[in-house]
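Below: the structure, in structure tokens.
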Amino acid sequence: MRKVKIKLINGKKYAYDMKSVWDKTQKRYRKKTVYLGRVIDEEKGIYEKLNRGVSRDYGSELILDYGDSASIDRCINNSIYGRLFKSILFKHNDSVMGLICYKLIQSKAMDHAETWFRGNYASKLYPKANLSSQRISGILKALGSEKERRKFFKSYISTTISLDGTSGVMTDSTGMPNEISFSLSAGGNHGGESERETRLIMVVERSTGVPLYFRYMAGNIVDVSTLSDTIAELKEMGVDTAFALIDAGYYSESNVTELYDNNISFVTRLPAERTLYKELIKEHSADMEGVDNMVSYGRRVLYIKTVEVELFSHTAYAHIVCDIKRKADELTRGFIAAKQDAISMDEFSKNMLCRGKFIILSSEEIPKEEVMPLYDTRQYAENLFGISKNNLELPLRVHSVETFRGYLMLNFLALIVHKEYTRALGNDYSFEEAIMEMSNQKCKVYDNNIIISEPTKKAKHLASLLNMGVKKPEI
């Protein structure tokens, strides 16, 4: 019968496996002791055997940055996703959590993760982590397995929906330039310039702004061919899409027809090069700028005229929007350019009707006052992409499909934590401001104790918002 014995030596706990072994010579059982390592988690039976290289000694620094990683860790544990995050790649969980903290706090090249880790309290929070460059690649590869991805999203999405429900999703896509030689990297074209890239599709819950899901594909796959697959994958993950707020790049007869056939309501922008756009602008521009069509949106005043249209044999609604300030600015710039012969007067006058105007399409009627607030929620998805791009250190430098998938997954996990953290902060602080302030709080490391420095008034307020409490860290 095996029994683990814990010994306290110089204030630290060490584990030994006590076995009963039959001694043939003495004809009796005797005790055999096997050293298991320093106790990391006695309840879970996690031990650190340093002499076999199971983990690295990150505890040599005497003063560590404390508040930033401590607040992130507490935010995760206080959220509905605490248990889920602890289950991610259990064997490598400390390393994954350390990398999430690094991405959120530093967002620098992975080569520097180990150096940062040595000087941060994260090394005490996640003592089994190994953030050496050689190990990070293996961790990302494990994180990028399709099995792990499906396991995570099934649990994550069901947890998210159980809390807030879902009122619909927003989908948007962006290109990620890279020079990786694999099937997911192909030529894309933006602004007349061609470069190798991979496309990332992000799905965001409309009412809460919580990131729900992501997909990726080669950069030469056009947006209009991806919507149906995204909806199908969401359904497999437990999301029945009832509303979709989509980018203009997804506008096509096949996509719109599929949305109608599946009873999915949608809002999208009508691309300016479409015939329908030109017909609506020509027909309604002359009489849309009346008092009945005026709408205030923030500090802006808009004209919005709504007309019923036929959209690929289905009834839809076109909201023709004229931004008064934008129209004046565009007319001023265009007229000055024509006067300076940068463009001809004929060219200037030809596009006058379109100045300051755009058209939003919806499958259902929407009050004028709700058109812009609804459509502008797309900006949150775009802001998430901004975070994603920064954290992905574009152009990407990973060199295999598996590692690439793990890199995207790590970035998505960081986005979830970023969202939870900012939700706790409310409108008092930005994420960047909070992390910068919290990083100023240090801690001193002793053999048997960690002493946290006195927080500033601002740090105290942040700690209260994040519900950090006053729990004493353990060493």
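The values are calculated or read from the model by the stated rules, or taken from the named source; none is laboratory data. Predicted model, so just to flag it, every value in this text is computed and none were measured. Note that we place each Cβ from the backbone using ideal geometry, even for glycine, and neighbour counts take in every protein chain shown.
If you go through segment 94-115 and pick out every residue that is under 22 Å from the mean Cα position of the chain (by Cα), part of a helix (DSSP H, G or I) and free of Cβ contacts under 8 Å to residues at least 24 places away in the same chain, you end up with 3.
If you take the residues in segment 326-347 that are basic (Lys, Arg) and exposed (fewer than 15 other Cβ atoms within 10 Å of the Cβ), which one is farthest from the chain's Cα centre (by Cα)? Give the derivation first.
Of the residues in segment 326-347, the ones basic (Lys, Arg) are 326-327, 333, 339.
With exposed (fewer than 15 other Cβ atoms within 10 Å of the Cβ) added as a condition, the list becomes 333, 339.
Working: ARG333: 38, LYS339: 47 Å.
That would be LYS339.
Residues in segment 348-361: is at least one among the β-branched types (Val, Ile, Thr), surrounded by fewer than 17 Cβ atoms within 10 Å (Cβ to Cβ) and at negative phi? Working first, answer last.
Applying the first criterion (among the β-branched types (Val, Ile, Thr)) to segment 348-361 yields 359-360.
Retained after the next criterion (residues that are surrounded by fewer than 17 Cβ atoms within 10 Å (Cβ to Cβ)): none.
Checking segment 348-361: not a single residue is among the β-branched types (Val, Ile, Thr), surrounded by fewer than 17 Cβ atoms within 10 Å (Cβ to Cβ) and at negative phi.
Residue count for segment 296-325 satisfying the condition of being closer than 16 Å to THR275 by Cβ and of a type in the set (Phe, Trp, Tyr): 1.
One residue is enough: does segment 172-180 have a residue meeting the conditions in contact with a helix residue (DSSP H, G or I) (Cβ under 7 Å, 6 or more places away or on another chain), modelled with pLDDT under 85 and among the acidic types (Asp, Glu)? Yes, segment 172-180 contains a residue that is in contact with a helix residue (DSSP H, G or I) (Cβ under 7 Å, 6 or more places away or on another chain), modelled with pLDDT under 85 and among the acidic types (Asp, Glu). Only residues that are under 19 Å from GLU114 (Cα atoms), modelled with pLDDT of 70 or more and in a strand (DSSP E or B) were counted across segment 12-69, and they come to 3. In a residue-by-residue description of segment 435-445, the property of being at pLDDT below 90 and not charged (D, E, K, R) applies to at least one position. Which one is modelled with the lowest pLDDT among residues in segment 253-279 that are among the hydroxyl-bearing types (Ser, Thr, Tyr) and either in contact with a Gly (Cβ under 9 Å, 6 or more places away or on another chain) or surrounded by 14 or more Cβ atoms within 10 Å (Cβ to Cβ) (or both)? So, considering only residues that are among the hydroxyl-bearing types (Ser, Thr, Tyr) and either in contact with a Gly (Cβ under 9 Å, 6 or more places away or on another chain) or surrounded by 14 or more Cβ atoms within 10 Å (Cβ to Cβ) (or both), the one modelled with the lowest pLDDT is SER265. Has segment 122-142 got any residue that is under 30 Å from ARG269 (Cα atoms), polar (S, T, N, Q), modelled with pLDDT of 70 or more and in a helix (DSSP H, G or I)? The answer is no; no qualifying residue exists.
Residue count for segment 75-98 under the criterion of being at pLDDT below 95, buried (at least 20 other Cβ atoms within 10 Å of the Cβ) and touching a Leu at 6+ places or on another chain (Cβ under 6 Å): the result is 1.
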